[in-house]
Amino acid sequence: EPEVTQTPSHQVTQMGQEVILRCVPISNHLYFYWYRQILGQKVEFLVSFYNNEISEKSEIFDDQFSVERPDGSNFTLKIRSTKLEDSAMYFCATTGYGYTFGSGTRLTVV
Amino acid sequence: KQEVTQIPAALSVPEGENLVLNCSFTDSAIYNLQWFRQDPGKGLTSLLLIQSSQREQTSGRLNASLDKSSGRSTLYIAASQPGDSATYLCAVISSDAGNNRKLIWGLGTSLAVNP
């Protein structure tokens with residue numbers, strides 16, 4: 001069964017540093033998403049991406065965040081200057097019939 | 001604004017019990033509803049997807065029903081096993097989401113099945 005692959009599984013970074021989270025979506029899916037889940041809170045939508053551009057973003061997705069598909073296969077989420085409150089699980093997802101999620105990246109900002 | 005609520009927040013049952021998890025949503029205009037499973041510190045595994053025109057979906061020991069008019073869905077787990085222990089999340093896509101189809105999530109029900 002096709003999978004969404006995310007790397008790394010866990011990243012620890014110093015506050016103020018830039019991080020890039022990577023995802024390999026299912027190849028024939030057209031819509032890509034990033035969600036995050038802060039410990040003990042609901043999963044939250046960050047951004048959707050279609051046809052090489054952002055189609056919708058949430059209030060959370062401010063200027064510190066960016067997404068791109070640099071090589072036609074990988075799909076990345078960049079956080080330019082991490083804050084403590086960015087610590088969360090970040091999930092990449094694609095949609096075909098329904099949603100398929102990756103296993104997530106646990107980001108810890110110290 | 002769509003809100004999704006799940007009750008109970010936590011549930012502990014002995015092995016073998018049949019159980020029901022509840023999900024409610026405030027706006028009945030949904031495109032579909034999906035149930036997910038999340039193991040501690042892990043990813044989100046899709047269990048069942050119910051389109052807005054459907055009433056239920058079944059997969060093995062799992063059965064999900066949808067009553068759109070009352071804004072409710074239930075996930076029924078038959079003959080529960082310790083391996084069913086996880087958090088179960090409900091999420092909806094509003095019908096006005098267009099092609100973006102972002103999910104609106106509940107907080108989940110944390111299930112423990114005791115041997």
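The values are calculated or read from the model by the stated rules, or taken from the named source; none is laboratory data. Because the structure is predicted, anything quoted here is derived from the model rather than measured. All Cβ positions, even for glycine, are placed from backbone atoms using ideal geometry, and neighbour counts span all protein chains on display. To get the accessible areas, we keep the full protein, side chains included, count just its heavy atoms, and leave off ligands, DNA and RNA. Shrake-Rupley method; radii C 1.70, N 1.55, O 1.52, S 1.80 Å.
Would you confirm whether any residue within region B:57-69 is within 11 Å of chain A (Cβ to nearest Cβ) and closer than 18 Å to residue A:94 by Cβ? Within region B:57-69, none of the residues are within 11 Å of chain A (Cβ to nearest Cβ) and closer than 18 Å to residue A:94 by Cβ. Being without any contact (Cβ under 8 Å) to a residue 12 or more places away in the chain and surrounded by 14 or more Cβ atoms within 10 Å (Cβ to Cβ) is the filter; apply it to region B:29-64 and report the residue that is farthest from residue A:5 (Cα to Cα). This residue is B:56. For region A:54-66, residues that are aromatic (Phe, Trp, Tyr) and either open to solvent by 20 Å² or more (accessible area, probe 1.4 Å) or not in a strand (DSSP E or B) (or both) total 1. Looking only at region B:35-47, residues that are assigned to a strand (DSSP E or B) and at the interface with chain A (Cβ under 9 Å from one of its Cβ atoms) come to 5 in all.
Among the residues of region B:67-115, the ones that are open to solvent by 20 Å² or more (accessible area, probe 1.4 Å), under 15 Å from residue B:19 (Cα atoms) and part of a strand (DSSP E or B) come to 6 in all. Filtering region B:70-115 to residues that are on the phi > 0 side of the Ramachandran plot, over 9 Å from the mean Cα position of the chain (by Cα) and within 13 Å of chain A (Cβ to nearest Cβ) leaves B:98, B:101.
Restricting A:36, A:106, A:22, A:69 to those that are open to solvent by less than 40 Å² (accessible area, probe 1.4 Å) and basic (Lys, Arg) reduces the list to A:36. Restricting to strands (runs of 3 or more DSSP E) lying wholly in region A:70-110: which have 1 or more residues that are within 14 Å of chain B (Cβ to nearest Cβ)? It comes to A:88-95, A:99-101, A:105-109.
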